[in-house]
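**Q** The structure is given below, and queries will be raised subsequently.
The values are calculated or read from the model by the stated rules, or taken from the named source; none is laboratory data. As the structure is a prediction and not an experimental result, all values here were calculated from the model. Cβ placement follows ideal geometry from the backbone for every residue including glycine, while neighbour counts extend to all protein chains displayed.
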Amino acid sequence: MADKNMVTIEIDGNSVSVEKDTTILEAAQSIDIYIPALCNNELVEPYAACRLCIVEVDDGRKTKLVTSCNYPVRRPISVYTSSEKVLRNRKITLEMMLSRWPNVQVIKDLAKNAGVEKARYQHPAVDLNSNACILCGLCMRVCEQGIWENIINFTNRGAERNVRMPYDSDQPHCVGCGACAEICPTGAITMADDPNQPFDAEMIRKAGMRITEEMIRYDEEQCDMRGVGTAHLVEIMDAYDLLPVMNYRYGKHEETPKISSDVFRKHFTSGKPDGCWLGCTMACAKAIENFELKTGPYKGERVLVDGPEYETLGGSSNMGIFDPYFVAEYNFYCDTYGLDTISFSTGTSFIMECYEAGVLDKEKTGGLELPFGAKDAALELLHQIGRGEGFGLVAGKGIRYMKKYFVENFGADPGFVFDIGMEAKGMEYSEYVTKESLAQQGGYGIALKGAQHDEAWLIFMDMVNKQIPTFEDKAEALHYFPMWRTWFGLCGLCKLPWNDIEPADNAETDEPAKVPGHVQGYCEFFEGVTGKPQTMDSLVRMSEKVYNFQRVFNLKMGFGRREHDAIPYRSAGPVTVEEYESRQERYDTQLKEDAGIDPTGMSSEEKVALTRKHREAQYEHLLNAVYKRRGWTNDGVPTVAKLMELGVDFPDVIELVKKHGG
Amino acid sequence: MIVVNGIALDWHEGKTVRDVIREMNYLFPLLIARINGKFIPRNKYDSTEIPDEATVDIIHLMSGG
C-alpha cells in the first residue's frame, strides 16, 4: 500500500519520492540537483527573500514560477529548475543584485554562473563595499530562530533598508554568540574582539560556533535543554529506577508524571531560554514567572522562581512530594534563604524517614508532623531553618549533625541513622539512586567535596551499558572522568555543553562517552585564550595536579583518608526488609549471580544481611582499585612519588603526606 | 533469543532496534546502538531488524551536571 505521507514528484525528468511538505529545494538537493539559493540555510526557516531559487512548477493544469525553498510538495508535480522562463527571471534578479552590490563575491559568483557578466542597470543606492549587507535576512533569522533572541532586525524601507540593532545602539540582551556573523554570506557582520585580548579570538569563536550549531540542529531531539533544561531527567530517571523516592529507598513512583518536565513546560516556564551565562546558547536555566507564594514572609506576592532544575525535582520525589506548586515554592524559598535545594531536600528526606521510623515525633520536632509527603510541614521546616528557630535550628545544620544529635538526644539507633543519613564528608547526596552502580557509589564516596555526582556520573555506563565490569574498568572511569570534569572547574566553565548536546558523528567515534569532538573544542578554547596548544591528555594532566593537591588539602583538614570515603549503606544497598522486598526478584538474582549465594528458603532479614556483606566488600575492593589507579596508598593518600611526578611536591605537602604514610 | 546490554530478550521475526528500545523502556535520548558490534545510526532504528541470537548494545551516554 502506498504511504500516504510520501509524494512522488519529477524534477527535471528525475523521479523522487519525498515526505509530504518537503520543500522542492530539499527534494532537489536529495537527488543532487543544484538550485542556486542565497538566503536559504538549513539552520533557519525558508524566507524566499533572494528569489534566486525560483523554479517552474507544472501541476497538470497550469505552470507557474515559485520559490523552491518554501514551496511544500503536497501532490505529484513536475518541476523544471532550468527552463527558459526560470533562467530569464533568475538572470534579471542577479543583474539587479549585481547593480547594487557589484563587489560582493558571492553575488559575483552566482551571476557569473548564470551568465551575467555586468548589470544593465544603475542602482541608485549602489554599495561598492565587498562585504556589503545584501539583505538576505539570515542573521536576524538565526538570531530569532536559532538563538531565540531578537537582537537585530531590518530597519527603514526601500533603498534605505538595512540591518541594525534597535536605535542603532549596543543591545545588552545580545549574548555575543556570533551566530549572525558566522551565517552571514558576505562578511558584513564582524565581531568586535574581546577586550581581554585572547591569543586567538577566531579560534575560540569557531569552537563555540560548533556547539551553537549543534544546539540549533539537534537539541530538541536530544536533551531539549533549551526547552526544559535538566528537568528532562525526571521522567528518564524514573524509567530507570534511579529517581530518589522517600530518602533513596526506591527509584520510581507512580506520581512522578505530576512533576515531570512536561508539567513545567506547559504550566510554568515562559518558553524562552533563560541562560545563566551571557553567550551560552544552551541556555538551560528555566524560570517560572508570576508565581504566587502561599507561605512564608512573601505570602501572597507574585515572584519569579529561578528553576526548577532536575535536582530540585528529584529532591521533591525524595521527600515523597509530587506537587509542582510545592516544588516552585520550596525552590523559591531555598534560593531566598540562601539554602541549597539538594541539602534541604535530602536532609528533610532523612528527617521524614526518621519520623516514620519513630526516631522523631511531634514533640521532638516542636510540633511538626513530618512523614513522607508532608508538604506543608516541609515548607514550615524550611521557614524555621530560614528564621533560625525551632527544629529548623537542628535541621539546618545538615545530616551529619542531625545523626549525632538524634543519637545523643533522642536515643536513636546509631546503626540505623548512619545507614540512612545520606551524606559523605558532611555534604548531602544529590538526587540519584546509586544502589545498582558500584562505580557511582565510588563517584559519590570518593568525590573530594563530598557526596556529589559532578566528579563522575557513571550510572548508565556501569549499570545499564555494563561497559565497566571489572574493578579496574571502574577505577579507570573513576580516574578519567573526575579528572576531566575537574578541568571545567579549573577554567570556570560549565560542563553541560560537553555532554548535554552531542555532535552528529559522536556515535561513530572510538570513545563516545568522552565526546571527543567536544574535548577537541575545549582544547581550542584553551589554546585560543592562552596560545598554548592542548590535547585531551594535557587537559586531564592539568586537573590531575590540582586534584591531587586538593586531596592533600582534604588530608590537612581531616577529610583525606580512606575512612572519609565511606558511604552510608543506603547508597550501596537495601537497608530495610521493606526496601529489599520491593525489588526482591532483582536482589535475589544478584545474590545468586553476583555473590554466589542461593537465597532459596532464606528469610528477608537473612538476605538483607548477606546482600550487605557482599556489597560492602565490593565497595572496599573498589576503593583499593581506585587508589591504586590514582597513585595513592591503600589509605587513600597521594604518594610522594605521585606528587613528584605531578610537580606538586612542595616541602610542606611532602611532609604532610609522609606523616600519613604517603 | 537476543542479548541486550547483557539481558536476554525474546526474539521474533522483524524485531527492530526501536522495538528493543521500547521493550527495555529506554527513554534516554542519547543512545548508541550496535548489533553484533555494527553501529546502527539513529535514523535507522525503525527499519533495522535484529537477527536471532544477536548481541545488541544500546549504549547510554551521559547527561546532566
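**Q** Scan the range A:208-259 for residues that are under 18 Å from the mean Cα position of the chain (by Cα), surrounded by fewer than 21 Cβ atoms within 10 Å (Cβ to Cβ) and among the small types (Gly, Ala, Ser) and jot them down.
**A** The answer is A:GLY227, and nothing else.
**Q** If you take the residues of the range A:343-365 that are among the charged types (D, E, K, R), out of contact with any Pro (no Cβ under 8 Å at 6 or more places or on another chain) and surrounded by fewer than 24 Cβ atoms within 10 Å (Cβ to Cβ), which of them is nearest to A:LYS299 (Cα to Cα)?
**A** Filtering the range A:343-365 down to residues among the charged types (D, E, K, R) leaves A:353, A:356, A:361-364.
Those left that are additionally out of contact with any Pro (no Cβ under 8 Å at 6 or more places or on another chain): A:353, A:361-364.
The next check asks that each one be surrounded by fewer than 24 Cβ atoms within 10 Å (Cβ to Cβ); those that pass are A:361-364.
On the way: A:ASP361: 28, A:LYS362: 25, A:GLU363: 27, A:LYS364: 27 Å.
Out of the qualifying residues, it is A:LYS362.
**Q** Please pick out the residue among A:ASP594, A:ASP598, A:ASP565, A:ASP588 that is of a type outside the set (Val, Ile, Thr) and at pLDDT below 95.
**A** Values: A:ASP598 fails: at pLDDT below 95; A:ASP565 fails: at pLDDT below 95; A:ASP588 fails: at pLDDT below 95.
When all the criteria are applied, what remains is A:ASP594.
**Q** Of all helices (runs of 4 or more DSSP H) completely enclosed by the range A:56-151, which ones contain at least 2 residues that are of a type in the set (S, T, N, Q) and more than 30 Å from A:PRO172 (Cα to Cα)?
**A** Working: elements: A:84-100, A:105-113, A:138-141.
Fully inside the range A:56-151 and qualifying: A:84-100, A:105-113.
**Q** Same structure again: Scanning the range A:619-652 for residues that are part of a helix (DSSP H, G or I) and among the small types (Gly, Ala, Ser), which turns out farthest from A:LYS556 (Cα to Cα)?
**A** Initial filter on the range A:619-652 (part of a helix (DSSP H, G or I)): A:619-630, A:640-646, A:651-652.
So of that shortlist, the ones also among the small types (Gly, Ala, Ser) come out as A:625, A:641.
Values: A:ALA625: 23, A:ALA641: 19 Å.
This residue is A:ALA625.
**Q** Counting just the residues of the range A:292-342 that are small (Gly, Ala, Ser) and surrounded by fewer than 22 Cβ atoms within 10 Å (Cβ to Cβ), which one comes out nearest to the chain's Cα centre (by Cα)? Working first, answer last.
**A** Pass one, the range A:292-342, residues small (Gly, Ala, Ser): A:296, A:300, A:307, A:314-317, A:320, A:328, A:338.
Next cut, surrounded by fewer than 22 Cβ atoms within 10 Å (Cβ to Cβ) only: A:296, A:300, A:338.
Working: A:GLY296: 32, A:GLY300: 34, A:GLY338: 24 Å.
Restricting to residues being small (Gly, Ala, Ser) and surrounded by fewer than 22 Cβ atoms within 10 Å (Cβ to Cβ), the top hit is A:GLY338.
**Q** Determine, yes or no, whether A:VAL163 is part of a strand (DSSP E or B), among the aliphatic types (A, V, I, L, M) and not assigned by TED's automatic domain parsing to the domain that holds A:PHE372.
**A** Numbers: part of a strand (DSSP E or B): yes; among the aliphatic types (A, V, I, L, M): yes; not assigned by TED's automatic domain parsing to the domain that holds A:PHE372: yes.
For A:VAL163, the condition - part of a strand (DSSP E or B), among the aliphatic types (A, V, I, L, M) and not assigned by TED's automatic domain parsing to the domain that holds A:PHE372 - is met.
**Q** Go through the range A:159-207 and count every residue that is out of contact with any helix residue (DSSP H, G or I) (no Cβ under 9 Å at 6 or more places or on another chain), surrounded by 12 or more Cβ atoms within 10 Å (Cβ to Cβ) and among the hydrophobic types (A, V, I, L, M, F, W, C).
**A** Number satisfying all stated conditions: 2.
**Q** Just to be sure I understand, how many residues within the range A:160-190 are among the aliphatic types (A, V, I, L, M) and modelled with pLDDT under 85? Please lay out each step first, then the result.
**A** Of all residues in the range A:160-190, those among the aliphatic types (A, V, I, L, M) come to A:163, A:165, A:175, A:179, A:181, A:183, A:188-189.
If we keep only those that are modelled with pLDDT under 85 as well, we get A:175.
Residues meeting the conditions: 1.
**Q** I need the full set of residues from the range A:464-476 which are without any contact (Cβ under 8 Å) to a residue 24 or more places away in the chain and more than 11 Å from chain B (Cβ to nearest Cβ), in order please.
**A** To start, the set of residues in the range A:464-476 that are without any contact (Cβ under 8 Å) to a residue 24 or more places away in the chain comprises A:465-466, A:469-470, A:473.
Matches in the range A:464-476: A:THR470, A:ASP473.
**Q** Next question. Please determine whether any residue of the range A:477-495 is aromatic (Phe, Trp, Tyr), touching a residue at least 60 places away in the same chain (Cβ under 8 Å) and more than 9 Å from chain B (Cβ to nearest Cβ).
**A** Our first condition is that a residue be aromatic (Phe, Trp, Tyr); within the range A:477-495, this holds for A:480-481, A:484, A:487-488.
Cutting the leftovers down to touching a residue at least 60 places away in the same chain (Cβ under 8 Å) gives us A:480.
Subsequent filtering for residues that are more than 9 Å from chain B (Cβ to nearest Cβ) retains A:480.
Checked the range A:477-495: at least one residue is aromatic (Phe, Trp, Tyr), touching a residue at least 60 places away in the same chain (Cβ under 8 Å) and more than 9 Å from chain B (Cβ to nearest Cβ).
**Q** Now a separate question. Identify, from the list A:VAL626, A:VAL640, A:VAL648, the residue that is in contact with a Lys or Arg (Cβ under 9 Å, 6 or more places away or on another chain) and within 17 Å of A:LEU438 (Cα to Cα).
**A** A:VAL626
**Q** OK, next. Show the residue pairs that are 6+ apart or on different chains and have beta-carbon atoms under 6 Å apart, the first residue being within the range A:233-249 and within 10 Å of another protein chain (Cβ to nearest Cβ) and modelled with pLDDT of 95 or more, the second being surrounded by fewer than 23 Cβ atoms within 10 Å (Cβ to Cβ) and not in a loop (DSSP other than H, G, I, E, B).
**A** A:ASP238/A:THR256
**Q** Among the residues of the range A:462-473, is there at least one that is of a type in the set (S, T, N, Q) and modelled with pLDDT of 95 or more? Lay out the reasoning, then the answer.
**A** Residues of the range A:462-473 of a type in the set (S, T, N, Q): A:465, A:467, A:470.
After this cut, where a residue has to be modelled with pLDDT of 95 or more as well, the list is A:470.
Yes: the range A:462-473 contains one or more residues that are of a type in the set (S, T, N, Q) and modelled with pLDDT of 95 or more.
**Q** Something else: Go over the candidates A:LYS258, A:LYS266, A:LYS294, A:LYS252 one by one and state the one that is more than 28 Å from A:GLN145 (Cβ to Cβ) and without any contact (Cβ under 8 Å) to a residue 24 or more places away in the chain. Break it down stepwise before answering.
**A** Details: A:LYS258 fails: without any contact (Cβ under 8 Å) to a residue 24 or more places away in the chain; A:LYS266 fails: more than 28 Å from A:GLN145 (Cβ to Cβ); A:LYS294 fails: without any contact (Cβ under 8 Å) to a residue 24 or more places away in the chain.
On inspection, the qualifying residue turns out to be A:LYS252.
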